[in-house]
Amino acid sequence: MITQDILVRVLISLALGAILGLEREFRDCPAGLRTHALVCLGATVFALTSISFAGPGVDISRIAGQVVVGIGFIGGGVIFKERNKIVGLTTATTLWIAAGIGLMAAIKEFALGFVVVILSIIVLSGGYSLEKYWFHKKKINP
């Protein structure tokens with residue numbers, strides 16, 4: 001049975017993942033709004049399932065480790081070599097963060113999840129601008 005509490009956790013997870021994915025979508029990255037929203041949602045679903053099936057003496061925190069391992073496979077799918085540089089590493093990292101946000105939503109840490117989304121967007125936007133300025137100003141020849 002779906003309770004209002006579960007529905008709120010799932011919807012907030014989906015929204016936070018989508019917000020993070022928007023930044024990647026605007027940069028035309030391989031994983032955007034849908035992927036980030038679904039990764040976040042998936043992490044929440046796995047955590048909620050573990051919480052609901054956990055009996056006395058069961059360590060429900062173990063699911064977090066398994067979610068991280070699973071995200072490693074998804075993240076590996078967006079990292080590739082193009083010419084002389086590696087691309088997709090930042091997107092893979094944001095997928096990893098999205099999974100963490102999904103786990104936070106499952107345990108009702110909504111404020112922390114929102115702060116992580118905002119900080120991630122600041123780093124992604126500000127970092128992108130700084131990298132462009134710094135590395136285009138100082139050309140480094142390989």
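Miscellaneous remarks
- Unique match (being free of Cβ contacts under 8 Å to residues at least 60 places away in the same chain, closer than 18 Å to Ala92 by Cα and assigned to a helix (DSSP H, G or I)) among Leu38, Leu48: Leu38
- Out of Gly72, Gly113, Gly102, Gly65, one residue alone is on the phi < 0 side of the Ramachandran plot, without any contact (Cβ under 8 Å) to a residue 60 or more places away in the chain and in contact with a helix residue (DSSP H, G or I) (Cβ under 9 Å, 6 or more places away or on another chain). It is Gly72.
Taken together, the values in this text are just the output of simple stated rules run on the coordinates, not laboratory data. This is a predicted model, so every value here is computed, not measured. Every residue, glycine among them, receives a Cβ derived from its backbone with ideal geometry; neighbour counts consider all protein chains shown.
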